[in-house]
Amino acid sequence: MPTQQDLYEKEFSYPLYEAAIEGGRVKEKNIPPDQVQRPVITDRAHGNRYIISVHLLTCVHGYLDPTRTKPASLMIFEYRLVCAEEKHNFTSVKTSLEFTEDTRSSADTKTLVRPHVLSFAPFERKVCWNEARVEIEVGSSAGAEVGVDASLATAKITLEGDKRKRGEKRYFTEGLAWTRKSRVEGQENYPEVWWYLRQNAWAQDGIPPDFRVAILLGRSSDFPFQANFYIEVNGCLGFRISESLDRFLKRSDIRDDPINFRPDAKPLGNLTGINRDHLGELMEGHRLKALAQVWGLDVIKESDN
C-alpha cells in the first residue's frame, strides 16, 4: 500500500480532452455546429480542485499590408490552469493548435491550401526565468581521513584520492514553442504551433497559472478554416485518486469540437493598436511583439540552447 509521501511524489501524465465527469460537459461543443469563433475553447474542471480553461480573447481577419494581396488572421488565446489544493501543482503543460482548411466550404478540396503560421508568441526562442541556484557535490573520496595525527604519506594519499567536485546547479521555469510542418503531401507550409512550459524542478512551485499565446496566420484565400486544439497537463497529486477523478485525468477518447473561423466574421476582443490592414507590422521575424503574457515572467532570459 503506498504511503502518503508516495502519493505526493507520484507524477501523472494525461491528455485532457474532456470536461469534468461529475457535473460538467463531456466536451466543448460548437452550438450550433457551425458556430464561428467559439469564445470558450475548452472549460474543464473536477469540482473546484482542478480547472483547465482556454478562451479566444482576440480574433482579427485582415491583411499583412495595405496592398491587400496577402490575407492574414491574428488570434490571441488565454489559458488558465488552476490547482486549488494545498501542495498540488501542475508541473508542465504542452498545448497546440493545428489549422486546417474547412472542406465543407468547397467541393474542390484539392485546391485548398492549409493556413500557415507566420509568427507566434511567446517563446520564439527558449525562455528561462524564476532561477534557483543550488550548491551540489559529486564524486567520491578514497583513503583515510586526514587528522592531527595522520602522517604526511597518509595525507598525500587521501588528497590524491579525493575526487569530489563542488559546484552550482541552476534550475529554471522554462518555456519554449515550435511549429510543425504540414503532413499533407505537396504542402510545404507550417500549419501547427506548439507551446511547452515546465516548472522549476527544484522549487516545485508549478507552472504559471495564467498565460496568453498569440498567432499570426497566413491564408491563401478567404475560405473558412478550422483549428484543432490539444492540451496535455502533468501534475503531482497528493491524495488518493477516486474512480471519477482517475477517469477525468486519463480519458482521452473525446475531443473538443474544432474551432470554426470565417475571414468575413466581425473582429473579436480588444483591438487597441491592431490595424487589420497592417497585421504584418506586428511581426519581428517569427516573433509577435507585445501580444503574449506569461504570469510571473518579469525578467526574461533567452537560452542559447
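Of everything listed in (1) open to solvent by 40 Å² or more (accessible area, probe 1.4 Å); (2) modelled with pLDDT of 65 or more; (3) of a type in the set (A, V, I, L, M), the single unmet condition for residue 97 is (1). Restricting attention to the stretch 35-50 and to residues that are open to solvent by less than 50 Å² (accessible area, probe 1.4 Å) and hydrophobic (A, V, I, L, M, F, W, C), the residue that is nearest to the chain's Cα centre (by Cα) turns out to be 41.
Does residue 279 qualify as being at negative phi, open to solvent by 50 Å² or more (accessible area, probe 1.4 Å) and not hydroxyl-bearing (Ser, Thr, Tyr)? So residue 279 fails the test.
You will find that of 66, 32, the residue that is at pLDDT below 95, open to solvent by 20 Å² or more (accessible area, probe 1.4 Å) and part of a loop (DSSP other than H, G, I, E, B) is 32 and no other.
Across the stretch 219-232, the qualifying residues are those that are surrounded by fewer than 21 Cβ atoms within 10 Å (Cβ to Cβ) and more than 16 Å from the chain's Cα centre (by Cα), and the one among them that is farthest from residue 276 (Cα to Cα) is 226. For the residues 202, 195, the requirement of being touching a strand residue (DSSP E or B) at 6+ places or on another chain (Cβ under 6 Å), in contact (Cβ under 8 Å) with a residue 40 or more places away in the chain and open to solvent by 30 Å² or more (accessible area, probe 1.4 Å) singles out 202. Of everything in the stretch 158-186 that is outside any strand (DSSP E or B) and either of a type in the set (Ser, Thr, Tyr) or surrounded by 15 or more Cβ atoms within 10 Å (Cβ to Cβ) (or both), the residue that is modelled with the highest pLDDT is 182.
The values are calculated or read from the model by the stated rules, or taken from the named source; none is laboratory data. These numbers were taken from a predicted model, which means no experiment stands behind them. Backbone-built Cβ (ideal geometry, glycine too); neighbour counts: all protein chains shown. SASA here: full protein model, heavy atoms, side chains in, ligands and nucleic acids out. Shrake-Rupley method; radii C 1.70, N 1.55, O 1.52, S 1.80 Å.
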